[in-house]
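What follows is calculated from the coordinates using simple rules that are stated; it is not laboratory data. Every value quoted in this text rests on a predicted model; they were computed, and no experiment measured them. Positions of Cβ are generated from backbone atoms using ideal geometry, with glycine treated the same way; all protein chains shown enter the neighbour counts.
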């Protein structure tokens with residue numbers, strides 16, 4: 001079990017794959033079908049249906065909700081956004097376009113935080 005001992009003022013809690021509109025935009029554009037993988041040295045722990053992810057260089061946490069946790073588990077193996085979206089659509093009965101929007105938003109958010117790499 002990983003224990004996080006950073007002071008509370010350094011913690012960040014973020015719900016990913018929450019209800020957001022496509023007009024929110026993405027800060028990090030992803031190359032279509034690029035291979036996505038977890039960044040090295042990232043620590044994480046499953047907490048119920050959520051996942052707490054710690055980026056050691058900054059000491060900041062990101063909380064992934066249950067849907068984000070499913071995607072994080074899938075990213076144990078490098079994958080494409082298209083493959084993640086296909087899984088999300090099947091698992092949760094989403095329209096393919098909505099699943100892809102959610103995956104793109106999720107992966108862009110993780111990249112912005114230094115938790116995910118693409119290449």
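Order by neighbour count: 73, 101, fewest other Cβ atoms within 10 Å first, most last.
73, 101
So how do 117, 95 line up by other beta-carbon neighbours within 10 Å, fewest first?
Sorted ascending by nearby Cβ count, the order is 95, 117.
Find how much the distance from residue 117 to residue 77 grows on full extension, using 0.36 nm per residue of separation minus their present alpha carbon separation; answer in nm with one decimal.
So the extension gain works out to 13.2 nm.
Give me 62, 77, 51 sorted ascending by neighbouring Cβ count inside 10 Å, so fewest comes first.
By the 10 Å Cβ count, ascending, the order reads 77, 51, 62.
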